[in-house]
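Have a look at the structure below before the remarks.
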């Protein structure tokens, strides 16, 4: 039964009547802080008409308590001493609103994260709680009625990144009738998945399941697809973002190109000389090229770094000739800047695979027959550089293959984390290699991580196929023989920990299961969109358990591997979730902005213009007729910089006015 | 440039050629060294196995003696270099060890304030003198001589202060500065077996064989070392380790090659100390050595 | 057939040993060992060891003292530091090998007439006595205590080294050797005082 403490402060005086509520939060607060004592103390403070403690203030009965008191005791101010405002400030504000009290007449006191959860000494913690409550009581008297502002939400969505996550989010939103702008840095969408041969555990052909979705994106009237483009500027706030996008010149007029590739055939380069990016350098391409046969959009690109026309301006331009009447080639095409307005943004920029040159002991780059997993995907793929035949860089066909797990992962020297997908894809590659070449395959692992649906069963399947599994982290790959059987081979040295001795295993081909890392420009990107990242560089979600797709910036969502290593099903699921949350925001049609904006008292403004350059959001402008500064409430984010900068203190911030803050400070210091 | 010189016990014994050539190189390059007065054995890897704290204190005596002169130490022997560096690190990182060492040193009238740096000749030659300055002083370029640079373990692990741990190149650069051709040598930091060969003969042989064969496979005429024990192992047991028809591989200290290139006297170049002669190779490459 | 019990009861564990190795200098992270085996794979001597370094770490942290101290592993370690530099959990293996060696010598747990611990003790005795090592005399002292006939086998090498001036007959000595004695006494005293 909640206790009521009758006011003993003789306050039935002129000030607003204050209700103070101290929450137990189960034992989270009450375990350290003597909540009853705090409530009793609160009752002695001037202006407090009612002071209670209760087990769970945020619960329905807890809120009902406050509402009842507001009605019965004509409360004009409420102080709730409980958890962090991030958690329940909204809850209590709504409670006040429902009984007709302005929601900003509430002051929350954090006696959990700032008190009971960080102190062990109960007596000292209780005294601290009392100090904090006292400060809040003094402050709340000065609170003013404020109104939240509503701004409309632009229904358009920007999706950055055209991998499987971006594609799925785009299709979901487009199907819901929203207009999507998809910006992809490469000349084609598809991301990493387009490079895979098969996907685990079903061994579905990656291209077969991806390309229909890619085509849908290309042909959906609700999706504006801008490939070979990058976002260069972001401004605005939730519901109202203005995005600047740089469209790199393909030197092809997209609307006119049919993707027939006659220009590629006709190019003066008889053979390709430039390492092909899609095939990870395992084959060569010409200066004019189609990234891969199923590229979307199905348009060629010209690489100005190697095209003769750009270097010497004297090329025969057989490509133009071959294009004929279509006239799709334009060597004078320039970079274009687009500006669009969107309401929400989804970042799906994906990952980068670990560069094995950082692990010199594995011999990548030194020995021609050491490959990364992604390179092997291209070798195995029928549309790859060797037409699906496993032929090594030196022309050999491997009779034995070693697959090394955890390259660059689970290692304090490179990346501490587990990259989640490598065990599964190593099993997949083991299966495919064995099927394709009949070679002896060895997988060198530390733990076999197969947590997904059908994953452990896939491992069972591999165990049946005669692949050798050696549990031991590989120290080095060498080419010097210690035994006659090792001549001419690459030797993998690892301890077979299950047998407890060291083994040297000679193989023809070494596959490095490289881990996943944040993209190299992840920091630049996240700063542009104003979101946080974790200490490793992955984009940060709002809450690791309960809010995995939203960020701390309203209106910006993340999906897929840019948030952390994950497989395709999880990326797709997350993309759908991000699309749904974006939709929820758009369909609510308005977003309510907190009224914590700054305002200028015109009479006191001297027109010195000190505040204008200070504003990070360019929300302040100078009104020449009045010779005073004016703040655009819509752009103001309430950071408080101008408030502090103004030399004549003529700028104040709602909810954080000087008097309110001073009163709170005085309240704290009044312990003496 | 003046430094405190800590030769270590081996340089007076099996590693004599190292000291003789090293001092000649110092002289030619204008590096002044002052041997630490009455230095004691650093304990190498062995004292640490018997009594860790005593080992730090004994090694620290040498650090304190150099600090008293206000000079940084040059320690050519790889084991000495490592032990002195390690002692410094552990004194810094573990307060208990620091207490033990400082007290022991005080009892013999010495202080230690972590002001002295322990350097290796490779570091001093490359970073304090510079490859260009060395090339300028070369009178007998080692043109055509193919050298495999063997660093061994202890100057690159665990403290990689002046060179890369996985693929060090300081010796490569110095040898190239003297005109030699440095061959790729992937085993450049692999252990030679250390003192195990002396105590457990069967074991050391395999390790030695790989090192020599790999150098030969990459076309080396000779292997350049920085550690007296590596030099001893590779030279003295190669016949036992190798297959009977394999030609011999001269094993030299890098300072011997540098001394030769810089025009030092035959006595200083100290080829007479080698058991596997390098003169035939030099003659074949028309590099004068006498 | 002579079958021995290989099953281990909890009574076969030595909790003091397990606790000691987790708290000794260098053992701070031993509980993080994932048993990945990279240390064994990179160790040039692991091919001769009875227990690989990885296995030794696990035996030690679980408190199987006899197996750990009586193994050949700790004596075969040349302290090349590869294991430590490559360990993905940054465990100071080399230092733990030293710690185990030190403890094995203290408790006199090692194979009989095994040359390495003998060498270690002779090495230290020589330093205490003269302040520096004279290689020739060190080898003589070790051979005398282990396998005299080995000396005979090394005679050819010995002669070659003598001829090239690399074998010193005269033992090297420092002046003021008493300083070393003072240091050692002080170390022993401080060790006792700090109980380390």
Worksheet item: Are any of the residues in the range A:60-77 assigned to a helix (DSSP H, G or I), touching a residue at least 40 places away in the same chain (Cβ under 8 Å) and in contact with a helix residue (DSSP H, G or I) (Cβ under 8 Å, 6 or more places away or on another chain)?
Response: yes
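For the subset of the range B:223-249 comprising residues that are outside any helix (DSSP H, G or I) and buried (at least 23 other Cβ atoms within 10 Å of the Cβ), which member is farthest from the chain's Cα centre (by Cα)?
B:223
For every residue, the table says whether it meets (1) modelled with pLDDT of 95 or more; (2) in contact with a strand residue (DSSP E or B) (Cβ under 6 Å, 6 or more places away or on another chain); (3) closer than 18 Å to residue A:665 by Cα.
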{"position": "A:89", "(1), (2), (3)": "no, yes, no"}
{"position": "A:92", "(1), (2), (3)": "yes, yes, no"}
{"position": "A:118", "(1), (2), (3)": "yes, no, no"}
{"position": "A:126", "(1), (2), (3)": "yes, no, no"}
{"position": "A:168", "(1), (2), (3)": "yes, no, no"}
{"position": "A:173", "(1), (2), (3)": "yes, yes, no"}
{"position": "A:178", "(1), (2), (3)": "yes, yes, no"}
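Is it fair to say residue A:476 is within 14 Å of chain C (Cβ to nearest Cβ), modelled with pLDDT under 95 and under 23 Å from residue A:499 (Cα atoms)?
Working: within 14 Å of chain C (Cβ to nearest Cβ): yes; modelled with pLDDT under 95: yes; under 23 Å from residue A:499 (Cα atoms): yes.
So residue A:476 fits the description; yes.
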Practice prompt. Determine the pairs where a residue that is farther than 16 Å from residue A:620 by Cα, located within the range A:577-603, has a partner that is assigned to a helix (DSSP H, G or I) with Cβ atoms under 7 Å apart, the partner being 6 or more residues away or on another chain.
Written response: A:578/A:169; A:579/A:169; A:579/A:172; A:579/A:173; A:582/A:173; A:583/A:173; A:591/A:585
Practice prompt. Filter the range B:189-222 down to residues that are in a loop (DSSP other than H, G, I, E, B) and away from chain C (no Cβ under 13 Å) and give me whichever is farthest from residue B:277 (Cα to Cα).
Written response: B:218
Worksheet item: Among the candidates A:402, A:384, which residue alone is surrounded by 22 or more Cβ atoms within 10 Å (Cβ to Cβ), away from chain B (no Cβ under 14 Å) and within 18 Å of residue A:475 (Cα to Cα)?
Response: A:402
Worksheet item: Within the range B:93-118, can you find the residues that are surrounded by fewer than 21 Cβ atoms within 10 Å (Cβ to Cβ) and away from chain C (no Cβ under 13 Å)?
Response: B:111, B:113, B:114, B:115, B:117
Worksheet item: residue A:254: over 29 Å from residue A:523 (Cβ atoms) and either in the same structural domain as residue A:424 (by TED's automatic domain parsing) or touching a helix residue (DSSP H, G or I) at 6+ places or on another chain (Cβ under 8 Å) (or both), yes or no?
Response: no
Practice prompt. Give just the number: which of (1) assigned to a helix (DSSP H, G or I); (2) in the same structural domain as residue B:224 (by TED's automatic domain parsing); (3) touching a helix residue (DSSP H, G or I) at 6+ places or on another chain (Cβ under 8 Å) does residue B:172 not satisfy?
Written response: (3)
Fill in: Check on residue A:39, in contact with a strand residue (DSSP E or B) (Cβ under 9 Å, 6 or more places away or on another chain) and on the phi > 0 side of the Ramachandran plot
no
Discussion item. With the requirement that a residue be part of a strand (DSSP E or B) and in contact with a helix residue (DSSP H, G or I) (Cβ under 8 Å, 6 or more places away or on another chain), what does the range A:455-500 give you?
Written reply: A:469, A:476, A:477, A:493, A:494, A:495
Discussion item. Condition first: surrounded by 21 or more Cβ atoms within 10 Å (Cβ to Cβ) and out of contact with any helix residue (DSSP H, G or I) (no Cβ under 7 Å at 6 or more places or on another chain). Can you find one or more residues in the range C:1-24 that meet it?
Written reply: no
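Listed here are the residues, each with its yes/no results for (1) buried (at least 18 other Cβ atoms within 10 Å of the Cβ); (2) in contact with a strand residue (DSSP E or B) (Cβ under 7 Å, 6 or more places away or on another chain).
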residue	(1), (2)
A:584	no, no
A:588	no, no
A:605	yes, yes
A:610	no, no
A:634	no, yes
A:649	no, no
A:662	no, no
Worksheet item: Only one of (1) surrounded by 20 or more Cβ atoms within 10 Å (Cβ to Cβ); (2) in a helix (DSSP H, G or I); (3) away from every other protein chain (no Cβ under 14 Å) is not met by residue B:128, so which one is it?
Response: (1)
Fill in: Single condition residue B:252 does not satisfy, out of (1) more than 17 Å from the chain's Cα centre (by Cα); (2) at pLDDT 90 or above
(1)
Worksheet item: Just for the range B:114-125: of the residues that are part of a helix (DSSP H, G or I) and touching a residue at least 60 places away in the same chain (Cβ under 8 Å), which one is farthest from residue B:43 (Cα to Cα)?
Response: B:125
Practice prompt. Read through the list (1) within 14 Å of another protein chain (Cβ to nearest Cβ); (2) surrounded by 21 or more Cβ atoms within 10 Å (Cβ to Cβ); (3) in a loop (DSSP other than H, G, I, E, B), then give the number of the only condition that residue B:142 fails.
Written response: (1)
Practice prompt. Kindly check whether there is at least one residue in the range B:270-285 that is touching a helix residue (DSSP H, G or I) at 6+ places or on another chain (Cβ under 9 Å), modelled with pLDDT of 90 or more and at positive phi.
Written response: yes
Worksheet item: Quick one: how many residues across the range B:42-57 are more than 20 Å from residue B:114 (Cα to Cα) and within 7 Å of chain C (Cβ to nearest Cβ)?
Response: 7
Fill in: When residues of the range A:412-445 are limited to those that are touching a strand residue (DSSP E or B) at 6+ places or on another chain (Cβ under 6 Å) and part of a loop (DSSP other than H, G, I, E, B), the one surrounded by the fewest Cβ atoms within 10 Å (Cβ to Cβ)
A:439
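Which one of A:662, A:622, A:656 is more than 30 Å from residue A:423 (Cβ to Cβ) and part of a strand (DSSP E or B)?
Criteria check complete, one pass: A:622.
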Discussion item. Exactly one of these conditions fails for residue B:152: (1) more than 17 Å from residue B:256 (Cβ to Cβ); (2) within 14 Å of chain C (Cβ to nearest Cβ). Give me its number.
Written reply: (1)
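Residue-by-condition table, conditions (1) part of a loop (DSSP other than H, G, I, E, B); (2) outside the structural domain of residue A:346 (by TED's automatic domain parsing); (3) buried (at least 21 other Cβ atoms within 10 Å of the Cβ); (4) at negative phi:
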site	(1), (2), (3), (4)
A:510	no, yes, yes, yes
A:524	no, yes, no, yes
A:541	yes, no, yes, yes
A:545	yes, no, no, yes
A:557	no, no, yes, yes
A:570	no, no, no, yes
Worksheet entry | Matching option when the condition is facing chain B (nearest Cβ under 8 Å) and in contact (Cβ under 8 Å) with a residue 60 or more places away in the chain, among C:99, C:120 | C:99
Item to complete: Evaluate the following for residue C:110: is it more than 10 Å from chain B (Cβ to nearest Cβ), in contact (Cβ under 8 Å) with a residue 12 or more places away in the chain and within 14 Å of the chain's Cα centre (by Cα)?
Response: yes
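The values are calculated or read from the model by the stated rules, or taken from the named source; none is laboratory data. Being a predicted model, the structure only gives us computed values, none of them experimental. Methodologically, a virtual Cβ is constructed for each residue, glycine included, from the backbone with ideal geometry; neighbour enumeration extends over all protein chains shown.
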